[in-house]
Amino acid sequence: MLPRDTIDTTILPPGDRFGMWLDLVARTSAPLRIQSAHAHDFAARANFIELGPIQLVEYQYPSLDATRTQKLVRQSDPELYILALTTGGVGTSSQDGRRSEILAGEFTFYDASRPHDVCHHATEPERGRATSIITMIPHAALPLPPQRMAALYGGRMSGSEGIGALLAQFLLQVTGHPEQYHAADTSRLGAVGLDLATTLLGRHLVAEDAVPTEVRRRALLTQVQAYVHRHLGNATLSPQSIADAHHISVRSLHRLFEAEDSTVASYIRDMRLARCRRDLTDPALRNQPAQAIAARWGFPDKAHFSRVFRTAYGISPQAYRESNSDPARIVNRAAFTVNSVRAD
C-alpha cells in the first residue's frame with residue numbers, strides 16, 4: 001500500500017476542529033490565512049501521499065476561503081506550483097489579476113511563491129462537502145519555461161477531456177485506492193503524474209514544443225495504454241484503430257512502444273488475457289462459459305483464445321479455471337496476497 005498520512009478533525013469535539021485545521025495549514029510549506037462559515041464545527045479531512053517528485057493531497061471540508069499574502073510568501077517560500085482538481089463543490093481561484101470560477105471536474109493552477117486567493121464551497125453548504133485533489137509540483141521538477149507559466153495562473157482547465165481527463169482519472173485512482181499499489185511504485189507513479197501534468201500545462205500554454213520529447217512520449221504512451229484498457233472488449237481493437245484515435249500514424253505508434261517490453265499487438269493480447277484469467281477464477285462468474293468470458297474481452301474465436309491462453313500460461317482456460325476453483329485454494333491465495341502487501 002502507498003504510504004499515506006491522514007488528518008481528520010472529527011477526532012476532536014466540534015469546537016476544537018477548526019483550530020486543529022488552522023494548525024495543520026500553519027505547518028504546511030505554503031501557509032494560508034483561512035476563514036470558514038463553518039468554523040464552529042469544521043469537520044474536515046486531508047490525506048497526504050508522497051509520490052517521488054510530487055505530492056498529492058486529497059481534501060474535504062464544508063467551506064473554505066484561503067488567502068496567501070505577500071507577508072506569508074516572504075515568511076515561507078516553498079517554490080511549489082499547485083495544480084488543483086476540484087472533485088466536489090464550486091470555487092474561485094485568483095492570482096496575478098486573473099480570476100476564474102472553478103466547477104467540479106476542472107483544474108486550476110497557481111504558484112505558491114506568489115500571493116493568491118482560493119475559495120471552495122460545498123454546493124449544499126449545510127450538508128455537503130467541498131472536495132479536491134491537490135498536486136504539489138516543485139518549480140525545479142516542472143520542465144516548462146518558468147517565465148511563461150504566469151499565463152496559466154488563476155486559470156481553469158478541463159478535467160473531463162483529453163490529457164486533463166487522463167490526469168483526473170490518475171489522481172482519483174491513486175488517492176482513492178492507495179491499497180492497490182506498493183510502496184515501491186511511488187517513484188514511477190510520481191513520474192507518470194508529473195508527465196501528465198506537464199503535458200496538460202504545456203498544451204494550455206500552446207507550447208507543446210516546450211515540453212521535453214521524452215515527457216511527451218511517456219504521456220502519450222500512458223494515454224494510449226488507458227485507451228487500450230477501455231476498449232479491450234472491442235474485437236476490432238488494433239494498432240490502426242488506436243493510431244487513428246490518437247491522430248498519429250501506425251509507424252509512430254510502434255515507435256512509441258519501442259522502449260517498452262512489448263509490441264502494441266502483444267500489449268493488447270496480454271491485457272486481454274489478464275482480464276480473462278481474472279474472470280475465470282471469479283466465483284461470481286463461475287456459471288459463465290469460458291468462451292463468453294473470452295468474447296467479452298475481445299477473443300471471439302474459441303480456438304484462437306484457447307491457443308493463446310495455453311501459450312501464455314501453459315494450461316487450457318478450462319483447466320486453469322478448474323485448478324483455481326477449489327474454495328480452500330481461493331482462501332489460501334487471498335491470505336497470501338494480504339501477507340504480500342504487509343511485507344512490502
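Extension gain for Asn287-His247 works out to 10.3 nm (0.36 nm per residue, less the C-alpha to C-alpha distance).
What's the longest bit of the chain with no exposed trypsin sites (Lys or Arg not before Pro), using DSSP loop states and at most 16 other Cβ atoms within 10 Å as the test? Longest run free of exposed loop sites: 128-285.
Cα axis of helix 14-27 to longest principal axis of the chain: angle in degrees, 0 to 90, nearest 10? Once rounded, the angle reads 90 degrees. Projecting the Cα atoms of Leu167, Cys276, Gly155 onto the dipole axis of the chain, where Lys and Arg carry +1 and Asp and Glu carry -1 at the beta carbon, places Cys276 farthest toward the positive end. The heavy atoms of Ile34 offer some 20 square angstrom of accessible surface to a 1.4 angstrom probe. A 1.4 Å probe over all protein chains sorts His204, His231, His247 by accessible area into His247, His204, His231, starting with the largest. Here are labelled values, (1) 25, 49, 24, 1; (2) 26, 54, 19, 2; (3) 27, 44, 21, 8, 0, and one is the computed P(r) over Cα pairs in 20 Å bins from 0, in percent for what I pasted. Which one? So the structure-derived entry is (1). Considering only alpha-carbon pairs that sit under 8 angstrom and 6 or more positions apart, the relative contact order computed for the chain is 13 percent. Placing dummy labels 7 Å off each Cα toward the beta-carbon, the span from Gln180 to Asp96 is 3.6 nm. Sorted largest first, the principal axis extents computed over the alpha-carbon atoms of segment 115-195 equal 41, 39, 25 Å. With R₀ fixed at 51 Å, the C-beta to C-beta distance from Ile7 to Ala151 puts the FRET efficiency at about 0.90.
The values are calculated or read from the model by the stated rules, or taken from the named source; none is laboratory data. Every value quoted in this text rests on a predicted model; they were computed, and no experiment measured them. All Cβ positions, even for glycine, are placed from backbone atoms using ideal geometry, and neighbour counts span all protein chains on display. Areas reflect the complete protein model, heavy atoms only, side chains present, ligands, DNA and RNA absent. Shrake-Rupley method; radii C 1.70, N 1.55, O 1.52, S 1.80 Å.
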